[in-house]
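Once you've had a glance at the structure underneath, I'll fire off some questions.
Coordinate-derived values only; no laboratory data. Because the structure is a prediction, the values reported are computed rather than measured. Quick reminder, even Gly has a Cβ in these numbers, built from the backbone with ideal geometry, and neighbours come from all protein chains shown.
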Amino acid sequence: MRVSVPATSANMGPGFDTLGVALQIKNQVVIKPAKFHSVSLKGEGSNNPALKDNNMFISIFNDFYHNLSNRRRNFRFEFYNEIPMSRGLGSSSAVIVSAIASAYAIEGIELEKSKLLNLALAYENHPDNITPAVMGGFNVATVQENEVKFIKKEIPKHLKAIVVIPNRPISTHLSRKTLPYKYSKDDAVFNISHSSLLTAAFMSENWEMLRVASYDKFHQKYRMKQMPELFEVQKAALNNGALMSTLSGSGSTFFSMSYADDSKRIERELRIKFPHFKIFSTDFDNYGVKVDR
Ligand SMILES: Nc1ncnc2c1ncn2[C@@H]1O[C@H](COP(=O)(O)OP(=O)(O)O)[C@@H](O)[C@H]1O
Ligand SMILES: N[C@@H](CCOP(=O)(O)O)C(=O)O
């Protein structure tokens with residue numbers, strides 16, 4: 001059985017804890033019944049021995065598997081990870097979503113995506129990564145009475161994402177603690193209006209409006225202060241034709257979006273200016289988590 005799940009870029013600038021997109025950067029896990037428990041890891045995290053012992057995927061998988069199954073079984077877990085950890089590309093959401101989906105799939109139990117999403121909420125209480133990880137596409141999401149309420153929009157093929165991934169990890173949990181406890185009414189209105197405009201731009205495919213809508217006063221400047229070079233990345237991406245350029249989740253990755261025709265040029269210019277960062281363009285994912293039995 002194989003489960004794949006996309007990376008996600010949350011917030012999209014002003015949509016703190018609300019907006020997110022899924023990217024064609026994937027983690028995959030293959031799970032096979034076996035005589036003994038074993039783990040193999042390829043790609044991101046493969047140089048981290050701790051992930052072979054106390055792995056967040058395996059502990060969530062076991063929680064669900066033991067609740068769903070009356071049998072005791074051992075498994076071989078083969079992980080193929082493309083999503084870098086603690087870089088603001090939703091690695092933790094990917095783990096949560098794929099672990100829950102895997103436990104149901106290995107027991108042969110159908111799990112509706114909406115139920116999977118609500119189960120994932122118990123592990124990550126902001127819905128902006130888990131929603132696109134499950135559903136794919138661009139999503140606006142909120143939580144009401146312990147349920148995720150969301151609207152999804154597929155992203156057309158003529159748009160690309162360009163990611164700039166610094167070497168430095170940022171823990172989402174710690175980074176959230178550096179944000180202000182209260183905001184002024186002016187800042188709140190700024191973010192509500194920009195986030196609403198950005199959502200309307202996606203829904204109506206008015207891509208030019210992203211150039212106006214993607215600014216934020218809630219989190220980016222506080223987080224980007226830790227890595228001031230990110231302000232230069234944002235400026236360079238926008239000057240070279242990106243439609244929007246924002247901190248991805250809590251960082252450290254910077255996410256930009258452009259027409260496909262512009263993406264290679266933007267990627268090239270960013271690579272020249274920031275040779276020490278990993279930079280590439282990628283498609284959006286419109287499907288979300290995928291289970292092959
Ligand atoms: N492939 C993985 N396998 C196991 N655990 C992972 C994996 N990817 C991420 N994690 C867990 O998620 C944590 C990173 O979560 P977080 O700080 O929210 O970063 P991100 O912005 O990438 O979601 C890691 O420290 C690790 O505990
Ligand atoms: N809204 C959250 C998003 C965190 O995304 P991640 O990919 O960094 O986990 C936040 O801004 O804290």
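Give the separation of the Cα centroids, the range 236-271 to the range 79-125, in Å.
27
Which ordering of 112, 269 is given by a fewest-first count of other beta-carbon atoms within 10 Å?
112, 269
So which of 152/290; 26/157; 160/225; 32/113; 160/264; 149/182 end up more than 21 Å apart by C-alpha?
From the list (152/290; 26/157; 160/225; 32/113; 160/264; 149/182), the Cα-Cα distance tops 21 Å for 160/225; 32/113; 149/182.
Going by the alpha-carbon gyration tensor, a ≥ b ≥ c the square roots of its eigenvalues, is the range 158-231 rounded (a/c under 1.5) or, if a/c is not under 1.5, prolate (a/b greater than b/c) versus oblate?
Oblate shape, in that a/c is at least 1.5 and b/c is the bigger or equal ratio.
Sticking with this one: If you take the charge dipole of the range 121-229 about its Cα centre, with +1 on Lys and Arg Cβ and -1 on Asp and Glu Cβ, which of 131, 196, 175 is farthest toward its positive end?
Checked the options; the winner is 175.
Let me ask something additional. If one takes the longest principal axis of the Cα atoms in the chain, at what angle in degrees, from 0 to 90 and to the nearest 10, does the Cα axis of helix 260-273 lie?
For helix 260-273, the angle is close to 80 degrees.
Another question, then. Over the alpha carbons of the chain, what is the largest minus smallest coordinate on each principal axis, giving the biggest first in Å?
57, 43, 37
State to the nearest 20 debye the size of the charge dipole of the chain about its Cα centre, where the only charges are +1 on K and R beta carbons and -1 on D and E beta carbons.
720
Would you mind calculating the relative contact order of the chain from Cα pairs under 8 angstrom and at least 6 residues apart, reporting the percent as a whole number?
In percent, rounded to a whole number, it is 27.
Continuing with this model, one more query. Given the options 59, 252, 91, which has the most mean-square fluctuation in a GNM of the chain, springs set between C-alpha atoms less than 10 angstrom apart?
59
Going by the alpha-carbon gyration tensor, a ≥ b ≥ c the square roots of its eigenvalues, is the range 25-166 rounded (a/c under 1.5) or, if a/c is not under 1.5, prolate (a/b greater than b/c) versus oblate?
Oblate, since a/c reaches 1.5 and b/c is not below a/b.
By the scheme Lys and Arg +1, Asp and Glu -1, what is the net charge of all other residues having a beta-carbon under 11 Å from that of residue 94?
Charge balance in the 11 Å sphere: -2.
If you average 1/r over every pair of different alpha-carbon atoms in the range 73-144 and take one over that average, what Kirkwood value in Å do you get?
13.1
Still on this structure, please answer the following. What ranking do 198, 51, 68, 116 get, fewest neighbouring Cβ atoms within 10 angstrom at the top?
Listed from fewest to most nearby Cβ atoms, that is 68, 51, 116, 198.
Which order do 25, 151 fall in if you start with the one that has the fewest other Cβ atoms within 10 Å?
Ascending number of Cβ neighbours within 10 Å: 151, 25.
Is it possible to state the helix-based mean residue ellipticity at 222 nm for the chain, with each DSSP H run of 4+ residues giving -39500 (n - 2.57), the sum divided by total residues, to the nearest 500 deg cm²/dmol? What is it?
After summing the helix terms and dividing by the residues of the chain, the value is -11000 deg cm²/dmol.
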